[in-house]
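Here the structure comes first, spelled out in structure tokens, and everything after it is commentary.
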Amino acid sequence: MPDCFEILHKDLGGRIGKLVTPHGTIETPALMPVVNPHLKLITPPELADMGASIIITNSYIIHQDPELNARAREVGLHELLDFRGPIMTDSGAFQLSVYGDIEVLPLEILEFQYTIRSDICVPLDIPTPPDVSRERAESELKETERRLEEAAGNRGESLLAGPVQGSTHPDLREKAGRFVRDKGFDVCPVGGVVPLMEAYRFDDLVKVVTSSKRGLGSGLPVHLFGAGHPMVFALAAAMGCDLFDSAAYALYARQGRYLTSSGTWKLEEMKYLPCSCRVCQGRDPQDLLKSPDRVRLLAMHNLYVSLQEINLVKQRIREGSLWDLLEIRCRSHPRMLDGLRRLASESAWLERLDASSKSAFFYLSPESASRPEVVRYSSRLDRFSLKGEVLVTDDFSTDTEGFDQVMYFKPPFGPYPKELGETYPFNLETPKEHDCSALEKAMTNLQKLIAANPKARFSLKLRCIPR
Ligand code: GUN
Ligand code: ZN
């Protein structure tokens, strides 16, 4: 299905998009709650009521159960699960990675997904784990690509997903991304990342996703396989991931774990419920623990906070303030901060994807000095051509008499023309005291400007630089 994805708004690598499927159009970023066809902790109609626009299930589980298999063939997946919106089906590849072997051929499980009228079908890829040798990653990728090629030659009415593998080898990820883009897949899942997220290796996650994205380009909808914790949605969306699947809401509930957008608590260790969803309202942790419906209620809360975080990410993209949310979320855990720092080190790449006009720039932490706006300004400094007497000052009430040009100075940007002071991003808000990262960026830009304009004579009047 060509052109099934349209991008409406952008911020950093993130976007609000429209994905057209045979069972309707959804807005992305979207969270797909995982439905286990055997045990529906929350039923699909209830998921729809809670705000899920799309769900995901496992076609292999349905295929292997004779009753479900027969019924799915007869009435279709949507009637089987009682869900009217789009349904994505996974292929059993994850079972393959956990149990080592599955009893179905790649084309067989793909054809089955077409037959039961899944909206987004996934070929049987090989989820290569992190840290394996280059030889293994390469040979498994070769087999995944053979199966993808075979799938691309057997298309149905559904959207076809092309998983990107390649373990933790960035060049293989990029190559795999290019392959998926060139073969015309409709949805692009980044796979094999569950072990990274389970081990809180968010810097490696950022490496894997950004290298996959380099190969995929920016126009295709990207699914981050197995990303179900709301803590990672902002980071993943900022890299250009559009679809997430959550089994976490149910898995964590079974372990008595209460999700929040900044981490996880054990319900039995909580005294208060810091949430006002339908479950938490009027209850305390003891009420929840004592309820015979404990797991289901906890799963509902977990899903509410996850769906809420998706809406917050969307609002931030719409407003152009996703970076601010990243800085908050990535302070939930040191490993998340590692992830943000890794992304900041890719800010030249982000800069190329980022929309360039926004509402406000808040300098919130040293990571703000790596925002795409700062990288962009630094790369455009050579556009200034200055002559005569130039004043650079951070004292905006100072006497400017006798100067040909006045440049105001604000970290992390450094010098900028006085006339741009009210426009984005130079109308930024900073703390009264600047940190070293901001000062360093500003001074580097000042040096660059001076070196590029030998015909000008610079006078500096800077209060922010201690004498
Ligand atoms: N679920 C979690 N990871 C993966 C993956 O890499 N491939 C598929 N098909 N499903 C997954
Ligand atoms: Zn709640």
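Points to keep in mind about this one:
- nm² value of the averaged projected area, convex hull over the Cα atoms of the range 106-263: 9.3 nm²
- Using a Förster distance of 35 Å, the FRET efficiency for Glu419-Asp182 (Cβ separation, nearest 0.05): 0.15
- Relative packing of 211-219, 456-464, which averages over residues the other C-beta atoms within 10 Å, highest first: 211-219, 456-464
- For the range 227-363, the spread of Cα positions along each principal axis, largest first, Å: 52, 27, 26
- Taking all Cα pairs closer than 8 Å and separated by 6 or more residues, the relative contact order of the chain comes to 13 percent.
- The slack in the chain from Glu319 to Ala199, taken as 0.36 nm per residue of separation less the alpha-carbon distance, amounts to 40.0 nm.
- Helix 66-75 and the long axis of the chain differ in direction by around 70°, with both axes built from C-alpha atoms.
- Accessible area per residue, Å², the range 1-107 with all protein chains present, probe 1.4 Å: 44 Å²
- Portion, in percent, of the accessible area of the chain that falls on carbon or sulfur, probe 1.4 Å: 48 percent
- With viscosity 0.890 mPa s and temperature 25 °C, the Kirkwood radius over alpha carbon pairs of the range 357-398 converts through Stokes-Einstein to a diffusion coefficient of 186 µm²/s.
- Among Thr25, Val406, Trp349 the positive-end extreme of the charge dipole of the chain (Cβ point charges): Val406
- Segment Lys432-Ser262, extension gain: residue separation times 0.36 nm, minus the distance between their alpha carbons: 58.4 nm
- Expected-Rg normalisation [2.2 N^0.38 Å, Cα atoms] applied to the chain: 1.11
- The range 335-467 - convex hull of the alpha-carbon atoms, volume per residue in Å³: 118 Å³
- Too-long pairs where the Cα-Cα distance tops 32 Å, listed order kept, from Lys358/Lys461; Lys183/Lys441; Lys10/Lys142: Lys183/Lys441; Lys10/Lys142
- Among 100-107, 224-231, 73-80, sorting by the average number of other beta carbon atoms lying within 10 angstrom of each residue, highest first, gives 224-231, 73-80, 100-107.
- Ranked packing of 358-365, 369-376, most packed first, by mean Cβ within 10 Å: 369-376, 358-365
- Signed unit charges on C-beta, dipole axis of the chain, positive-most listed residue Met336, Gly14, Ser459: Ser459
- Net length gained if the chain between Leu39 and Leu105 were fully extended (0.36 nm per residue, minus Cα distance): 21.2 nm
- Nearest-20 debye value, the chain charge dipole, Cβ charges on Lys, Arg, Asp, Glu: 1180 debye
- Just so you know, the Cα atoms of the range 408-459 work out to an Rg and Dmax of 11.6, 34 Å.
- Compared with the dominant principal axis of the Cα atoms in the chain, helix 202-216 is inclined by about 90°.
- The convex hull around the C-alpha trace of the range 1-129, projected and averaged over every direction, spans 9.1 square nanometres.
- Of all DSSP beta bridges in the chain, antiparallel share, percent nearest 5: 35 percent
- Our summary gives the range 93-212 a relative contact order of 25 percent, counting only alpha carbon pairs under 8 angstrom and 6 or more residues apart.
- Along its principal axes, the range 139-189 has C-alpha extents of 34, 18, 14 angstrom, given from the largest down.
- Convex hull volume of the Cα atoms of the range 30-90, normalised per residue: 68 Å³.
- Computed from the C-beta positions of Asn311 and Lys455, the FRET efficiency with R₀ = 41 Å rounds to 0.20.
- 0 to 90° range, to nearest 10: angle between helix 334-344 axis and the chain longest Cα axis: 60 degrees
- Sequence-separation-based contact order of the range 173-300, relative, with Cα cut under 8 Å and 6+ spacing, percent: 20 percent
- Within the range 377-415, backbone nitrogen closer than 16 Å to the virtual label 7 Å beyond the Cα of Arg463 toward Cβ: 392-400, 408-411
- For the range 380-397 versus the range 310-370, the inter-centroid distance based on Cα atoms is 29 Å.
- Within the chain, the cysteines lacking any other cysteine Cβ closer than 4.7 Å to their own Cβ are Cys4, Cys121, Cys188, Cys241, Cys277, Cys330, Cys436, Cys464.
- For the range 172-290, the convex hull drawn through the C-alpha positions has a volume of 114 cubic angstrom per residue.
The values are calculated or read from the model by the stated rules, or taken from the named source; none is laboratory data. The shown structure was predicted, so the numbers you read here are calculated from the model rather than taken from an experiment. Don't worry about glycine lacking a Cβ; one is built from the backbone with ideal geometry, like all the others, and counts go over all protein chains shown. Calculation scope for accessible area: heavy atoms of the full protein, side chains included, ligands and nucleic acids excluded. Shrake-Rupley method; radii C 1.70, N 1.55, O 1.52, S 1.80 Å.
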